[in-house]
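One structure is given below, encoded as structure tokens.
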Amino acid sequence: MTSIPQFWDAAIVPTLVDYIRIPAKSPHFDKDWAKNGHIEAAVTLAAEWCRKHPVEGMKLEIVRLPGRTPVLFIEVPAAKGAEKAGTVLLYGHLDKQPEMTGWAEGTGPWIPVIRDGRLYGRGGADDGYAVFASIAALRALQQEKKPHARTVILIECCEESGSTDLPAYLEALAPRVGAPALVVGLDSGCGNYEQLWGTTSLRGLVNGVLTVEVLTEGVHSGDASGVVASSFRIARQLLERVEEAATGRVREAAFQAPVPAERVAQAKRAAEVLGKEIHAKFPFVPGMRPMAEGLEALVLNRTWRPALSVTGAEGLPLPANAGNVLRPRTSLALSLRIPPTVNGEKAAARLKEILEADPPYGARVGFEAGQAATGWHAPITAPWLEKAIDEASNKLFGKPAMWMGEGGTIPFMAMLGEKFPQAQFLITGVLGPHSNAHGPNEFLHLDYAKKLTACVADVIAALPK
């Protein structure tokens, strides 16, 4: 696929630069997304680019359902001789996470900067590149006269909000999508930038806000402490019901699941290949250690074991503004990652039950659940696909492909896995070490993205065979 790197440089990178400038935050983070028009600007940019760089036979439509974020839907007919190969579904999204603080000097979420082969800015790697890479892969196949199956490209604008709009679109577009033989998802990660990585599983997610109220207004802490329990201490007690503070182990059996033997074996292999990079990729403060000693344990911790994080708080003033006041309430944003095979809705209901039961001191306690997403566990990879993925990795990178679970959630995968149980999956992506999706200094590794695009083209070409 010799044309892909040049096409990336000439056509894709300049448009990704424009895309990064658009603050197309997902609806969860921009309640007025329709009025603000940033998501509309992003999907329009992508659609206009696709029309400027068309694939032969391409039909493109921005599909809109009332009150929902739009979907970019592209259909490409099968090449001659591949009409019976089935359908390939390529997936990505255009909505973004919010800004986050801590960007390096001269960079920012909406300030595209290219340094050392990396394109910095929010959304380039997660996951704006996907639609451009999908078109590039199909263009390369057609230019090199390599047959490809009928292909559908589905790009949503609600993924970072749990893909809440997507089920309605899947139902509306079902006759046009058909039953995919192969699903290629481009919203995942890679363990390094030296070979192709396939994702074998994705953890699920339950998030929401825990609120503890003890007073109707703040009072002097010298007068009330020892009489009125601190809302923060009560919140600590409630969190201890869910996880052990000393170890981070999640207590509740409903949030646990056995790890399949083949995933344990893959975790061991990934640990051997990645070594200390498994934890060294994170920006630990000096002296900080990872939560487990064994590298294999760390892989399984982030891919199959539940974990609780506090991601936000309300009711806590900044230290400079904190008087001697016993505060009336504390709210904590919770993010509970659950194993791939645990049902998200059931986990959310159980988490609410645990947190709200028998409130200490009779405090007013409530847990308002937000996203409840079930994870995804890949079916057994067919021999033809495993061979195609491995051959593509050896061809483009000079190393065999690797397989590993990911700790994040892509709700679309669970939806597709349930809807199309016979489909094969290549879930992959460019989110490798230090790429920092959702955080500051997110970047797209351009050379890796080019090679990944070529790998995807080779895998698509293998289906008709």
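Here are a few things to note about the model shown:
- Values of log10 I(q)/I(0), in the order q = 0.21, 0.24 Å⁻¹, for the range 248-355 under a Debye, Cα-only, solvent-free model: -1.15, -1.28
- Computed FRET value (nearest 0.05) for residue 144 with residue 44, which takes r as the C-beta separation and R₀ as 41 Å: 0.85
- Between the amide H of residue 184 and those of 89, 90, 91, 426, distances stay under 5 Å, these residues lying 5 or more places away or on another chain, with hydrogens modeled in the peptide plane.
- Compactness check for the chain: Cα Rg over 2.2 N^0.38 Å is 1.02.
- Inter-centroid distance (Cα atoms) of the range 402-463 relative to the range 205-243, Å: 41 Å
- Projected label points at residue 216 and residue 101, each 7 Å from Cα along the beta carbon direction, are separated by 3.4 nanometres.
- Helical runs assigned H by DSSP (4 residues or longer) give the chain a calculated mean residue ellipticity at 222 nm of -10000 deg cm²/dmol, each run adding -39500 (n - 2.57) before division by the residue total.
- Based on C-alpha pairs under 8 angstrom that are at least 6 apart in sequence, the range 7-71 has a relative contact order of 24 percent.
- Chain lengthening between residue 174 and residue 10 when straightened (0.36 nm per residue, less Cα-Cα): 55.5 nm
- Here each label is just a point 7 Å from Cα along the line to Cβ, and for residue 358 and residue 386 those points are 4.9 nm apart.
- Near-label residues of the range 63-89 by backbone N, under 20 Å of a point 7 Å along Cα→Cβ of residue 35: 66-70
- Enclosing the Cα atoms of the range 104-153 in their convex hull gives a volume equal to 87 cubic angstrom per residue.
- Label zone at residue 314, where the point sits 7 Å out along the Cα-to-Cβ direction: the range 7-42 residues whose backbone N lies under 20 Å: 26-33
- Working from label points 7 Å from Cα in the Cα-to-Cβ sense, the residue 61 to residue 325 distance is 5.6 nm.
- Protection-proxy order for peptides 211-223, 63-75, each taking the mean of Cβ atoms within 10 Å per residue, highest first: 63-75, 211-223
- With contacts taken as Cα pairs under 8 Å at a separation of at least 6 residues, the range 206-341 carries a relative contact order of 44 percent.
- Residue 110 - accessible surface, heavy atoms, 1.4 Å probe, Å² rounded to 10: 60 Å²
- Across all Cα atoms of the range 156-220, the radius of gyration (one decimal) and Dmax (whole number) stand at 20.6, 66 Å.
- Applying D = kT/(6 pi eta Rh) to the range 196-311, where Rh is the Kirkwood radius over alpha-carbon pairs, T corresponds to 37 °C and eta to 0.692 mPa s, the Stokes-Einstein value obtained is 187 µm²/s.
- Electrostatic bookkeeping for residue 376 treats Lys and Arg as +1 and Asp and Glu as -1; over the other residues with beta carbon under 11 Å from its beta carbon, the sum is -1.
- Alpha-carbon radius of gyration plus Dmax, which is the widest Cα pair, for the range 362-438 in Å: 17.8, 64
- For the range 141-146, 3J(HN,Hα) per residue [Karplus equation, 6.51 cos²θ - 1.76 cosθ + 1.60, θ = phi - 60°, Hz, x = Gly/Pro]: 4, 5, 5, 9, 6, 9
- Stokes-Einstein D for the range 262-317, Kirkwood Rh over Cα pairs, 4 °C, 1.567 mPa s (µm²/s): 99 µm²/s
- Estimated vicinal HN-Hα couplings, Hz - the range 168-173 in sequence order (Karplus 6.51, -1.76, 1.60; Gly, Pro = x): 5, 6, 4, 5, 5, 9
- Using alpha-carbon coordinates, inclination of helix 261-274 to the longest axis of the chain, degrees: 80 degrees
- Computed in the context of the full set of protein chains, the accessible area of the chain at 1.4 Å probe radius has 53% of its extent on carbon or sulfur.
- Taking the convex hull of Cα positions in the range 28-89, its mean projected area over all directions (nm²): 5.5 nm²
- With 0.36 nm allotted per residue and the present C-alpha distance subtracted, the residue 249-residue 276 stretch has 7.5 nm of extension available.
- Multiplying the residue separation of residue 115 and residue 343 by 0.36 nm and subtracting their alpha-carbon distance yields 77.9 nm.
- Scoring 164-175, 336-347 by mean Cβ neighbours within 10 Å over their residues and listing the highest first yields 336-347, 164-175.
- Only Lys, Arg (+1) and Asp, Glu (-1) charged, at Cβ; the chain dipole about Cα centre in debye: 720 debye
- With only the Cα atoms considered, the range 189-236 has a convex hull volume of 152 Å³ per residue.
- For the range 5-18, putting each phi into the Karplus relation 6.51 cos²θ - 1.76 cosθ + 1.60 with θ = phi - 60° gives couplings of x, 5, 5, 4, 5, 7, 10, 8, 4, x, 6, 4, 4, 5 Hz, in residue order, rounded to whole numbers and with x for Gly and Pro.
The values are calculated or read from the model by the stated rules, or taken from the named source; none is laboratory data. Everything numeric in this text was worked out from a predicted model, so none of it was measured. All Cβ positions, even for glycine, are placed from backbone atoms using ideal geometry, and neighbour counts span all protein chains on display. Please note that ligands, DNA and RNA were not included when accessible areas were found on the heavy atoms of the full protein model with its side chains. Shrake-Rupley method; radii C 1.70, N 1.55, O 1.52, S 1.80 Å.
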